[in-house]
Amino acid sequence: MTTTLRALLGATAFCALATGALAETTITVATVNNGDMIRMQGLMDDFYAKNPDIKVEWVTLEENVLRQKVTTDIATKGGQFDVLTIGTYEVPIWGKAGWLVSLNDLPAEYDVEDLLPAIRGGLTVDGELYAAPFYGESSMVMYRKDLMEAAGLTMPEAPTWADIKTAAEAMTDKSKEQYGICLRGKAGWGENMAFLTAMSNSFGARWFDENWQPQFDGEAWKNTLTFYLDLMNNYGPPGASNNGFNENLSLFNQGKCGMWIDATVAASFVTGKESTVADKVGFALAPDNGLGKRGNWLWAWSLAVPAGSQKVDAAKAFINWATSKDYLALVASKEGWANVPPGTRTSLYMNEEYAKVPFAKMTLDSINSADPNNPTVDPVPYTGVQFVAIPEFQGLATAVGQQFSAALAGSTSAEDALAAAQELAVTEMTKAGYIK
Amino acid sequence: MATAQSRTAARLMVSPAVILLFLWMIVPLGMTIYFSFLRYNLLNPGMETFAGFDNYYYFLTNAAFWDALGNTLTLVLGVLAITVIGGVLLALLLDQPFRGQGIVRVMVIAPFFVMPTVSALVWKNMFMNPVNGMFAHIAKFFGLQPFDFLAHAPLASIILIVAWQWLPFATLILLTALQSLDREQQEAAEMDGAGALSRFWYLTVPHLTRSITVVVLIQTIFLLSVFAEILVTTNGGPGTASTNIPYLVYAQSLLAFDVGGGSAGGIVAVILANIVAFFLMRMIGKNLEA
Amino acid sequence: MSRNVSQTRVTLVTIAAWTVGFLIFFPILWTILMSFKTEGDAIKTPIEMLTSSWTLESYHEVQERSDYFRHFWNSVVISLGSTLVALIIAIPAAWSMAFVPGKRTKDLLMWMLSTKMMPAVGVLVPMYLMFRDFGLLDSRLGLVGVLTLINLPIVVWMLYTYFKEIPGEILEAARMDGASLRSEILYVLTPMAVPGIASTMLLNVILAWNEAFWTLQLTTSKAAPLTQFIASYSSPEGLFYAKLSAASTMAIAPILILGWFSQKQLVRGLTFGAVK
């Protein structure tokens, strides 16, 4: 074959490819490497069948890397993504900043009224829905029914923190690598601070008073932290200061935890096929202290379109598919009801098939008992249950989380950690101009 | 020998590299200096105001800064000590005749090719994890309580991981140097009755000095900016126990999205790096000139 | 050789060297072994893990989830590309520094090296803004540029130390014979410098392949190399040791193999002028 001929052929092939590409829109979707999102990537044939002219490029990253990349990109208007996976913390801030495209014009069959009110409320700013929930979660107690029984205890549906301590003590047997309770200890605003902030609500603590004065020097935070440290030091697993959601999940699945208080989505994993204790897990509401607030949070991984996207229509078509009722039915038909992304739609919880899933009711009750607009015992100037919806929170809470994680590792005391947290918070809030 | 013409040519040839590096240094640096004087949170766009030296003040008075400075030095010196001493010993061992030299050398050099992220992930999960890691399994086998490396000895664990990655590099350079050692001189000294230790001290060590200097220089450049290993394993914690300067700058600029503060931190880091560079260069310059 | 090497000594050294070599290599070996296990077996005790059955399941899953070959190809293009560009810029620079040294040559070299000490994280936002403005985000071209600049100081320095070892008389002799500057570089210098250039190139490819900050920050999908491939396996929900091992093995295998095959070349030039 001569060179010219080869070049000609190449050029023809290229043209053919180019015309093929013209007809289709490629959207880039940034997402976390959580199980529900990975599952969605396996079900894309359904989307392509319904939208033959759209092609989806996945960017799947670990949560922290994802958040940091997505934030850098949207804040600098880099325009790298067409669909973002973000949480209830980002949506109010970014929506207010005008960085997201409103989703109020999703088609009627999307049935926006069907979304759970608590979740929908968290994703709406000034009447505009800025993100569609892919799955929603609260937190709850997951415990080993067999171990509780062996210890002669029963778990109440709505336990108190004292109940939790009793149960933890009874189930701990360190010689058998069996630890009464597993909780998050890894530093990060979305790791240990999500848990501790939600927990502190039930102890009557708050991050700031009405004048944005940090409250870590108060009695309520001291009670929260000492109770947490006491639980973890006596009944927790080794290395807890490095344990986040994933580490605890794997411990629980191996049968090494008596209880685990964490996200409701974990329920489908601990009862799933990778779990060695799948048939022995019970569920209860997150504990309280009789002060009127439970220690559970509210979060929704949601899909949003950044304002810079050139392909808003295709992006919306994708979001419409991924968060629709049909998608839930699709997952149910392929993988069973237990694996459906939970916590977004009322209709799912009305479904009789879904009601048979052991954790369905507890998930719904937990989500409904969280109130982001009124999260604490005493009044606060912010919204958010396990976070404070201000831009400065991520950095501040991560630094505070470092202190609390150090206290758990034993390299500092509870008092010193709280004093350091107070100082960090005062500095940061002064710097940001909240404290005049 | 050099004519005026060849001098000009030389200038011309060296200039692309210099100009590029100068731009590479000065443009981002200039922007960073500019940002460091602004109150600029990435999440609060349009709110940038002039902040004077506030960002520097907050960065330098942050308790974490001094911890980070200490940790940076410990990390660099710790890894240097392990790799240089370990490298010399290993090079001496591999310089001896033994069977299977090729295979052993391949095994020893391997860690140098592994991505820092991967090696940190592997060490963290498969080895140092206190429940499922190899070390925990070994401890349990002997009936001991597993030691939680990343919580109770975070900096030492990171030093270990980083040293593992750089040991092959040091070993290779030192081994090459050893192989160029004058055998006859060695043998003459041996005939004169010099013991193995004094031969090592008076012949081998002086011969290795230049290579050691090179190892120290190159590694310091990379060790000052160790980042991925910390991000993957400890996130700088617990507390600030394993936060070094690059990680602190990262926390400021990409966790808190405080571009102003992060930029101030970046400038401080550049100044510190230059101080280190200055001393290092004087030391190296002296050694390499000879 | 006049030295009397006893048989026992060789045996002892052999045992010691193999033990040390094995220990150093062990973490990599373990990762490779673990990648052929199921997730459930991967977290068992070492003995149980070794005796459990072998499977390719993790590789299947990883390949199904992420397109390995695209990431691999991006890594190849980016590391080779940046290395070649760096060499093109660095060879003339190192040549003139080595053969026509000025008063400031040493300072210039040291200054170049010191640019490498700038912490990358501190300049991410300015860089991101520039990349956005030049349309270089998620492009291989942009990454080639950045990695070229990052490794240029090391390349210049390695070449400089290598060139310095070439005796100047040869060049003068060539010049006497009327060789032009261009042919001097092309026909006299370059052939002599090939081993040095080769090992510089290898080292640079390794460094570029493993660079994990800029490659992760400045790419999303089209230009994403293997560093990003790894980032999607780093801490997912549930058990992940086997999948992480498989992904790790796939990410490091190409460079490991290249490194092993070329280690002789690499070592020859890695002396940085330290060996006379």
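The values are calculated or read from the model by the stated rules, or taken from the named source; none is laboratory data. Quantities reported herein were computed from a predicted structural model and do not represent experimental measurements. Virtual Cβ from ideal backbone geometry, glycine too; neighbours counted across all protein chains shown.
In contact with a Ser or Thr (Cβ under 7 Å, 6 or more places away or on another chain), assigned by TED's automatic domain parsing to the domain that holds A:Thr197 and not basic (Lys, Arg): which single residue out of A:Ala314, A:Ala338, A:Ala389 fits that description? Please lay out each step first, then the result.
On the way: A:Ala314 fails: assigned by TED's automatic domain parsing to the domain that holds A:Thr197; A:Ala338 fails: assigned by TED's automatic domain parsing to the domain that holds A:Thr197.
Going through A:Ala314, A:Ala338, A:Ala389 in turn, the sole match is A:Ala389.
Pairs only if they're at least six apart or on different chains, beta carbon under 7 angstrom, first in region A:265-284 and within 13 Å of chain C (Cβ to nearest Cβ) and under 9 Å from A:Phe252 (Cβ atoms), second assigned to a loop (DSSP other than H, G, I, E, B) and among the hydroxyl-bearing types (Ser, Thr, Tyr); list them, first residue then second.
Close Cβ pairs satisfying both conditions: A:Phe269/A:Ser275.
Considering C:Thr31, C:Thr51, which residue is under 23 Å from the mean Cα position of the chain (by Cα) and modelled with pLDDT of 85 or more? Give the derivation first.
On the way: C:Thr51 fails: under 23 Å from the mean Cα position of the chain (by Cα).
Only one candidate qualifies: C:Thr31.
Could you grab me the full set of residues in region C:94-134 that are within 7 Å of another protein chain (Cβ to nearest Cβ) and either touching a Lys or Arg at 6+ places or on another chain (Cβ under 6 Å) or in a loop (DSSP other than H, G, I, E, B) (or both)?
Answer for region C:94-134, where residues must be within 7 Å of another protein chain (Cβ to nearest Cβ) and either touching a Lys or Arg at 6+ places or on another chain (Cβ under 6 Å) or in a loop (DSSP other than H, G, I, E, B) (or both): C:Val100, C:Lys116, C:Met117, C:Met118, C:Pro119.
Just give me the residues in region B:89-109 being closer than 13 Å to B:Ile173 by Cβ and at the interface with chain C (Cβ under 7 Å from one of its Cβ atoms), in sequence order.
Those that are closer than 13 Å to B:Ile173 by Cβ and at the interface with chain C (Cβ under 7 Å from one of its Cβ atoms): B:Leu90, B:Leu94, B:Val108, B:Ile109.
Tell me which helices (runs of 4 or more DSSP H) are completely within region A:162-261 and hold 3 or more residues being away from chain B (no Cβ under 14 Å) and either of a type in the set (D, E, K, R) or surrounded by fewer than 20 Cβ atoms within 10 Å (Cβ to Cβ) (or both), or say none if there are none. Steps first, answer last, please.
Working: elements: A:192-202, A:219-235, A:245-253.
Result: A:219-235.
What do you reckon, is B:Leu181 more than 7 Å from every other protein chain (Cβ to nearest Cβ) and more than 30 Å from A:Glu191 (Cα to Cα)?
Values: more than 7 Å from every other protein chain (Cβ to nearest Cβ): yes; more than 30 Å from A:Glu191 (Cα to Cα): yes.
So B:Leu181 passes the test.
In region A:136-153, which residues are surrounded by fewer than 22 Cβ atoms within 10 Å (Cβ to Cβ) and touching a strand residue (DSSP E or B) at 6+ places or on another chain (Cβ under 6 Å)? Give the steps one after another, and end with the answer.
Taking region A:136-153 and keeping what is surrounded by fewer than 22 Cβ atoms within 10 Å (Cβ to Cβ), we get A:145-146, A:148-153.
Within region A:136-153, A:Lys145 is the sole residue that qualifies.
Any residue at all in region A:345-352 that's over 26 Å from A:Gly122 (Cβ atoms) and out of contact with any Leu (no Cβ under 9 Å at 6 or more places or on another chain)?
Restricting attention to region A:345-352, the residues satisfying the condition of being over 26 Å from A:Gly122 (Cβ atoms) are A:352.
Filter once more, so that each one left must be out of contact with any Leu (no Cβ under 9 Å at 6 or more places or on another chain): A:352.
Yes, that holds for at least one residue.
What are the pairs with Cβ atoms under 6 angstrom where one residue, in region A:343-363, is assigned by TED's automatic domain parsing to the domain that holds A:Ala329 and the other, located anywhere, is of a type in the set (D, E, K, R) and buried (at least 20 other Cβ atoms within 10 Å of the Cβ)? Sequence gap at least six, or different chains.
These pairs meet every condition: A:Gly343/A:Glu137.
Of everything in region C:165-189 that's among the β-branched types (Val, Ile, Thr) and part of a helix (DSSP H, G or I), which residue is farthest from the chain's Cα centre (by Cα)? So that I can check it myself, show each step before the final result.
Initially, region C:165-189 is screened for residues among the β-branched types (Val, Ile, Thr), giving C:166, C:170, C:185, C:188.
Filter once more, so that each one left must be part of a helix (DSSP H, G or I): C:170, C:185, C:188.
Working: C:Ile170: 32, C:Ile185: 27, C:Val188: 28 Å.
For region C:165-189, the residue satisfying everything is C:Ile170.
Out of all the residues in region A:278-292, is one or more surrounded by fewer than 24 Cβ atoms within 10 Å (Cβ to Cβ), assigned to a helix (DSSP H, G or I) and more than 23 Å from the chain's Cα centre (by Cα)?
Among the residues of region A:278-292, at least one is surrounded by fewer than 24 Cβ atoms within 10 Å (Cβ to Cβ), assigned to a helix (DSSP H, G or I) and more than 23 Å from the chain's Cα centre (by Cα), which makes the answer yes.
Suppose the filter is touching a helix residue (DSSP H, G or I) at 6+ places or on another chain (Cβ under 9 Å), assigned to a helix (DSSP H, G or I) and either touching a residue at least 12 places away in the same chain (Cβ under 8 Å) or farther than 30 Å from C:Met192 by Cβ (or both); does C:Trp73 pass it? It would help to see each step written out before you state the result.
Working: touching a helix residue (DSSP H, G or I) at 6+ places or on another chain (Cβ under 9 Å): no; assigned to a helix (DSSP H, G or I): yes; either touching a residue at least 12 places away in the same chain (Cβ under 8 Å) or farther than 30 Å from C:Met192 by Cβ (or both): yes.
Against the criterion (touching a helix residue (DSSP H, G or I) at 6+ places or on another chain (Cβ under 9 Å), assigned to a helix (DSSP H, G or I) and either touching a residue at least 12 places away in the same chain (Cβ under 8 Å) or farther than 30 Å from C:Met192 by Cβ (or both)), C:Trp73 does not qualify.
Please name all residue pairs, on different chains or six or more residues apart, with Cβ atoms under 6 Å, provided the first residue is in region C:34-57 and is within 12 Å of chain B (Cβ to nearest Cβ) and the second residue is β-branched (Val, Ile, Thr) and buried (at least 20 other Cβ atoms within 10 Å of the Cβ).
Listed by first residue and then by second, the contacts come to C:Ser35/C:Thr249.
State which residue pairs qualify: first residue farther than 17 Å from A:Lys311 by Cβ and inside region A:36-56, second residue acidic (Asp, Glu) in any location, beta carbons under 7 Å apart, and separation of 6 or more residues or different chains.
Listed by first residue and then by second, the contacts come to A:Arg39/A:Glu335.
Since B:Asn44 meets every condition but one in (1) more than 7 Å from every other protein chain (Cβ to nearest Cβ); (2) within 30 Å of A:Ala425 (Cα to Cα); (3) polar (S, T, N, Q), which condition does it not meet?
In the conditions (1) more than 7 Å from every other protein chain (Cβ to nearest Cβ); (2) within 30 Å of A:Ala425 (Cα to Cα); (3) polar (S, T, N, Q), B:Asn44 misses (1) alone.
Tell me which residues, restricted to region B:70-88, are surrounded by fewer than 16 Cβ atoms within 10 Å (Cβ to Cβ) and of a type outside the set (Val, Ile, Thr).
Of region B:70-88, the ones surrounded by fewer than 16 Cβ atoms within 10 Å (Cβ to Cβ) are B:70, B:73, B:77, B:81, B:85.
Correct list: B:Gly70, B:Leu73, B:Leu77, B:Ala81.
If I ask for residues that are under 24 Å from the mean Cα position of the chain (by Cα), more than 7 Å from chain B (Cβ to nearest Cβ) and surrounded by 13 or more Cβ atoms within 10 Å (Cβ to Cβ), which ones from region C:3-28 would you list?
Within region C:3-28, C:Phe26 is the sole residue that qualifies.
Considering only region A:340-381, state which residues are of a type in the set (Lys, Arg) and in a helix (DSSP H, G or I).
Taking region A:340-381 first, the residues of a type in the set (Lys, Arg) are A:345, A:356, A:361.
Correct list: A:Lys361 only.
Does region A:357-366 include one or more residues that are in contact with a strand residue (DSSP E or B) (Cβ under 6 Å, 6 or more places away or on another chain), surrounded by 23 or more Cβ atoms within 10 Å (Cβ to Cβ) and farther than 30 Å from B:Asn44 by Cα? Spell out how you get there, then give the answer.
We begin by selecting, within region A:357-366, every residue in contact with a strand residue (DSSP E or B) (Cβ under 6 Å, 6 or more places away or on another chain); these are A:359, A:362, A:366.
Still in the running and surrounded by 23 or more Cβ atoms within 10 Å (Cβ to Cβ): A:366.
Okay, now just the ones that are also farther than 30 Å from B:Asn44 by Cα, so A:366.
Within region A:357-366 (the criterion being in contact with a strand residue (DSSP E or B) (Cβ under 6 Å, 6 or more places away or on another chain), surrounded by 23 or more Cβ atoms within 10 Å (Cβ to Cβ) and farther than 30 Å from B:Asn44 by Cα), the answer is yes, since at least one residue qualifies.
When the residues of region A:32-43 are filtered to those that are assigned to a helix (DSSP H, G or I) and surrounded by 15 or more Cβ atoms within 10 Å (Cβ to Cβ), which remaining residue is nearest to the other protein chains (Cβ to nearest Cβ)?
So in region A:32-43, the residues assigned to a helix (DSSP H, G or I) come out as A:35-42.
Then keep just the ones that are surrounded by 15 or more Cβ atoms within 10 Å (Cβ to Cβ); that gives A:35-41.
Working: A:Gly35: 5, A:Asp36: 9, A:Met37: 10, A:Ile38: 7, A:Arg39: 11, A:Met40: 11, A:Gln41: 7 Å.
Ranking the candidates gives A:Gly35 first.
Step by step: first the residues of region C:124-160, then only those that are of a type in the set (S, T, N, Q) and surrounded by 20 or more Cβ atoms within 10 Å (Cβ to Cβ), then the one that is nearest to B:Ile221 (Cα to Cα). Which residue is that? Before you say what the answer is, go through the steps one by one.
At the first step, the residues of region C:124-160 found to be of a type in the set (S, T, N, Q) are C:139, C:148, C:151.
Next cut, surrounded by 20 or more Cβ atoms within 10 Å (Cβ to Cβ) only: C:148, C:151.
On the way: C:Thr148: 17, C:Asn151: 12 Å.
Ranking the candidates gives C:Asn151 first.
Looking at (1) at the interface with another protein chain (Cβ under 8 Å from one of its Cβ atoms); (2) touching a residue at least 60 places away in the same chain (Cβ under 8 Å); (3) part of a loop (DSSP other than H, G, I, E, B), which one does B:Ser225 not meet, given that it meets all the others?
(2)
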